[in-house]
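*Asks:* Could you have a look at this structure, given as structure tokens, before my questions?
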Amino acid sequence: HLVESGGGLVQSGGSLRLLCAAAANISRFHMAWYRQGQDSERELVASVSNSGTTYYADFVKGRFTISRDDAKNTVNLQMDDVKPEDSDVYYCNAHLVTMWSADDYWGQGTHVTVSS
């Protein structure tokens with residue numbers, strides 16, 4: 001069970017911090033933030049592996065920072081220098097790979113609107 005928060009309205013060039021809180025221990029999970037517009041497919045924004053390796057999509061490199069706190073079972077997405085094109089619904093994802101399966105868990109999403 002993942003719950004996102006921190007979305008809202010922000011001006012272009014401003015900052016926003018999204019929080020994903022998990023109801024269970026996330027230490028084995030690869031965690032990520034995705035986003036999806038009204039008429040587009042869900043796309044990967046940033047991810048952090050269970051060993052701490054991070055990945056960023058080109059369109060957010062240098063502006064967004066993903067971090068995780070396994071002790072608190074949370075994942076953050078610090079969004080700086082936001083742009084109107086960053087307006088989307090942002091989803092937290094937990095991905096677990098075992099010898100037998102690969103499972104994905106999603107939150108309900110949080111809306112981000114960037115005004116120009």
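*Asks:* For the chain, give me the percentage of DSSP beta bridges that are antiparallel, rounded to the nearest 5 percent.
*Replies:* On the way: 39 of 43 bridges.
In the chain, approximately 90 percent of DSSP beta bridges are antiparallel ones.
*Asks:* ³J(HN,Hα) across the stretch 75-91 via Karplus (A = 6.51, B = -1.76, C = 1.60, θ = phi - 60°), whole Hz, x for Gly/Pro?
*Replies:* After applying 6.51 cos²θ - 1.76 cosθ + 1.60, I find 9, 10, 10, 8, 10, 10, 6, 5, 10, x, 6, 7, 5, 5, 8, 9, 10 Hz.
*Asks:* Hey, another quick one. Full-extension gain between Arg42 and Arg28, please, as 0.36 nm times their residue separation minus the C-alpha to C-alpha distance.
*Replies:* So the chain would gain 2.7 nm between Arg42 and Arg28.
*Asks:* On to the next question. Report the Stokes-Einstein translational diffusion coefficient (µm² s⁻¹, integer) for the chain, Rh taken as the Kirkwood radius over Cα pairs, at 20 °C with viscosity 1.002 mPa s.
*Replies:* Value of D from the Cα-based Kirkwood radius: 151 µm²/s.
*Asks:* Please give, to one decimal in nm, the separation of the simple spin-label points placed at Phe59 and Ala21, each 7 Å out from Cα toward the Cβ.
*Replies:* Roughly 3.0 nm, to one decimal.
*Asks:* Could you point to the residue in Gly107, Gly37, Thr65 farthest towards the positive end of the chain's charge dipole, with +1 and -1 charges on the Cβ of Lys/Arg and Asp/Glu respectively?
*Replies:* Highest projection toward the positive end goes to Thr65.
*Asks:* Across the stretch 43-51, in residue order, what do the Karplus-derived ³J(HN,Hα) couplings come to in whole Hz, using 6.51 cos²θ - 1.76 cosθ + 1.60 with θ = phi - 60° and x for Gly and Pro?
*Replies:* Result, ordered by residue: 10, 6, 9, 7, 9, 9, 6, 6, 9 Hz.
*Asks:* State the percentage of accessible surface on the chain attributable to carbon and sulfur atoms; use a 1.4 Å probe and exclude ligands, DNA and RNA.
*Replies:* Of the solvent-accessible surface of the chain, carbon and sulfur hold 49 percent.
*Asks:* Which whole-number value in Å² is the accessible area per residue of the chain, probe 1.4 Å?
*Replies:* Per-residue accessible area for the chain comes out at 55 Å².
*Asks:* GluC sites (Glu not before Pro), restricted to the stretch 13-92: which are DSSP loop and have at most 12 other Cβ atoms within 10 Å?
*Replies:* Values: sites: Glu41, Glu43, Glu85; in loops: Glu41.
Listed in order of number, the matching sites are Glu41.
*Asks:* Another question, then. If a paramagnetic tag sat 7 Å from the Cα of Ser49 along the Cα-Cβ line, which residues of the stretch 1-34 would have the backbone N under 17 Å from that point?
*Replies:* 27-33
*Asks:* With +1 on each Lys and Arg Cβ and -1 on each Asp and Glu Cβ, and nothing else charged, work out how big the dipole of the chain is about its Cα centre, in Debye to the nearest 20.
*Replies:* Details: 9 positive and 14 negative charges, 66 e Å.
Computed charge dipole of the chain: roughly 320 debye.
*Asks:* Once phi is turned into θ = phi - 60°, what whole-Hz ³J(HN,Hα) does the Karplus curve with 6.51, -1.76 and 1.60 give for every residue of the stretch 92-100, x standing for Gly and Pro?
*Replies:* 3J(HN,Hα) across the stretch 92-100, in whole Hz: 8, 10, 10, 10, 10, 10, 10, 5, 10.
The values are calculated or read from the model by the stated rules, or taken from the named source; none is laboratory data. Just so we're clear, the structure is a prediction, and the values are computed from it rather than from any experiment. All Cβ positions, even for glycine, are placed from backbone atoms using ideal geometry, and neighbour counts span all protein chains on display. These accessible areas exclude ligands, DNA and RNA; they are computed on the full protein's heavy atoms, side chains included. Shrake-Rupley method; radii C 1.70, N 1.55, O 1.52, S 1.80 Å.
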